[in-house]
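Everything below concerns the one structure shown next.
The values are calculated or read from the model by the stated rules, or taken from the named source; none is laboratory data. As the structure is a prediction and not an experimental result, all values here were calculated from the model. Neighbour counts are summed over all protein chains in view; Cβ atoms, including those assigned to glycine, are modelled from backbone coordinates with ideal geometry. Each accessible area value is taken on the protein alone, full model and side chains, heavy atoms only, with ligands, DNA and RNA left out. Shrake-Rupley method; radii C 1.70, N 1.55, O 1.52, S 1.80 Å.
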Amino acid sequence: MSIKLYYTTVTASREVKSQQAEVMRILDSKSIRYELIDIAVGGAVRDEMRSKSGNPTAIPPQIFNEDVYCGNYEMFSDSVEEDTVEQFLKIK
């Protein structure tokens, strides 16, 4: 199983940029390998992210373990605070 992080390289939102950077920083600090999937490459990738997450208005970052939805930034942040990141990512 591999962690997939849907993110975007094209956004005017400082909040989205900050959230994406924080998720990447935390995953890197825990030596958790992940694949970046840029939804800016096309609408089909964005639609795939939204479909897989079950939320038609989902915005990055969205986190998956393969095709299993783990959650969004807020859920990830909660798992960091509770020290349950591995469980959140379904790798433990």
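Here are the numbers:
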read-out: Share, in percent, of DSSP beta bridges within the chain that are antiparallel, nearest 5; value: 60 percent
read-out: Structure-derived Kirkwood radius over Cα pairs in Å: which label, when the choices are (1) 18.9; (2) 14.8; (3) 13.1; value: (3)
read-out: Among Q62, I3, A44 the positive-end extreme of the charge dipole of the chain (Cβ point charges); value: A44
read-out: Sorted peptide list for 19-25, 33-39, criterion being average Cβ within 10 angstrom, highest first; value: 19-25, 33-39
read-out: Computed helical MRE - 222 nm, the chain, DSSP H runs ≥ 4 contributing -39500 (n - 2.57), nearest 500; value: -13000 deg cm²/dmol
read-out: Accessible solvent surface per residue of the chain, calculated while the other protein chains remain in place, 1.4 angstrom probe, Å²; value: 58 Å²
read-out: Cα-centre dipole for region 20-92 with unit charges at Cβ (Lys and Arg positive, Asp and Glu negative), debye to 20; value: 160 debye
read-out: Heavy-atom accessible surface of the chain: percent carbon and sulfur, 1.4 Å; value: 48 percent
read-out: Built amide H within the under 5 Å cut-off of I3, gap 5+; value: E35, E66
read-out: Residues V68 and R14, FRET efficiency given R0 of 25 Å [Cβ-Cβ distance, rounded to 0.05]; value: 0.25
read-out: 5 angstrom amide H check on C70, placed H, neighbours 5+ away; value: I63, F64, N65
read-out: Label-point separation in nm, D38 to E81, each point 7 Å along Cα→Cβ; value: 3.3 nm
